[in-house]
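Since the structure comes first, as structure tokens, the remarks are kept for the end.
The values are calculated or read from the model by the stated rules, or taken from the named source; none is laboratory data. Note that the structure is a prediction, hence the values are computed from the model and not measured. Don't worry about glycine lacking a Cβ; one is built from the backbone with ideal geometry, like all the others, and counts go over all protein chains shown. These accessible areas exclude ligands, DNA and RNA; they are computed on the full protein's heavy atoms, side chains included. Shrake-Rupley method; radii C 1.70, N 1.55, O 1.52, S 1.80 Å.
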Amino acid sequence: MLAGLHEALQKSEFELFYQPELHVETGQLSAAEALLRWRHPTFGLVMPLDFIPLLEQSGLIIPVGYWVIETACQQLKDWTEGGLVLSSVSVNIAPQQLLQDDFVAKVKMIINKSDIDPGSLIMEITESTFMKNSQLAINTLVKIREIGIKIAIDDFGTGYSSLSYLRKLPLDILKIDRSFVIDSETEAGAAICEMLILLANRLKLKVVAEGVETEQQFDILKKSDWIQGYLISRPLSVADFYQKLSEGK
Ligand code: C2E
Ligand code: MG
Ligand code: MG
């Protein structure tokens with residue numbers, strides 16, 4: 001697999017799928033998260049959890065990570081020109097990416113090249129970003145935010161010191177982890193979800209609920225700003241995404 005991954009970028013085997021997110025207030029699918037896929041010639045479509053660890057261990061996540069940012073920005077531009085109304089596209093950023101000296105400069109170049117509003121790009125990071133060299137990562141985030149790009153904390157609540165990160169990090173968005181959403185069907189789980197939304201509101205963060213699969217979960221999490229999950233839509237190929245959104249489904 002590693003040998004295949006080394007060549008995958010040149011061979012154009014990577015692809016981004018996009019999962020629509022529902023803006024609760026307007027009822028519009030007006031945001032999307034870009035999710036990496038590897039279209040392998042013999043294995044077929046390989047999912048990120050099966051190859052992202054290899055990309056991270058080998059350092060390939062750096063070039064692939066730039067490819068993801070560039071492709072998502074270009075896609076947003078193309079869709080906007082094609083008549084879709086999208087307020088943002090999110091990309092997932094691995095911890096190592098933020099530790100690159102030239103990360104901010106390269107991201108600026110990508111934004112300029114694709115000519116999108118930096119405020120329509122969201123970078124999703126996880127708490128694991130801050131386990132090593134956290135000050136350097138925080139400094140990079142501050143500079144990224146100065147460009148206008150928004151920062152989301154992904155899988156929130158699954159790490160060890162989530163609450164303290166909320167105070168330390170320059171953030172715009174909190175993504176409630178799917179494990180809380182699943183648990184929201186219990187009384188205690190619902191209490192935690194409600195508390196997380198209130199907390200985020202007080203901290204002036206927008207909230208995305210991840211992995212919403214049922215009407216019952218939707219009902220408890222509808223006070224979030226955005227709902228993402230199979231109930232709304234699975235991640236879609238570029239063509240399917242365009243079709244779904246242009247039909248206004
Ligand atoms: P994530 O960023 O938390 O992305 C959400 C994951 O949850 C996606 O899995 C998505 O397909 C899945 N999901 C969304 N709604 C539901 C739902 O209702 N039910 C269930 N069961 N799952 C749902 P996916 O695409 O397999 O990605 C897994 C993880 O791989 C991502 O989690 C992210 O951490 C990582 N990843 C994906 N693309 C990239 C990338 O370009 N760069 C980096 N560094 N990591 C990536
Ligand atoms: Mg994510
Ligand atoms: Mg997540």
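The table below lists the values:
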quantity	calculated
Mean separation of Cα contacts under 8 Å (6+ apart) over length of the range 44-172, as relative contact order %	22
Cα-based shape type of the range 170-249, given that a ≥ b ≥ c are square roots of the gyration tensor eigenvalues and the cut on a/c is 1.5	oblate
Relative contact order %, the chain, counting alpha carbon pairs below 8 Å whose residues are six or more apart	20
Cα-Cα over 21 Å, subset of LYS168/LYS204; LYS108/LYS244; LYS108/LYS168; LYS11/LYS113; LYS113/LYS204; LYS150/LYS244	LYS108/LYS244; LYS108/LYS168; LYS11/LYS113; LYS113/LYS204; LYS150/LYS244
Assigned charges on the beta-carbon of Lys, Arg, Asp, Glu; the chain dipole about Cα centre (debye)	640
Distance between modelled label sites at TYR230 and LEU9, nm, 7 Å Cα→Cβ extension	3.3
Residue-normalised accessible area of the chain, expressed per residue, 1.4 Å probe, Å²	50
Share of carbon and sulfur in the accessible heavy-atom surface of the chain [1.4 Å probe, %]	53
Relative contact order for the range 127-202, counting Cα pairs under 8 Å that sit 6 or more residues apart, in percent	25
Most mobile of LEU198, LEU141, LEU16 in a GNM of the chain (Cα contacts under 10 Å)	LEU198
Given 14 as the ceiling on other Cβ atoms within 10 Å, longest exposed-site-free region of the chain for chymotrypsin sites (Phe, Trp or Tyr not before Pro) in DSSP loops	44-159
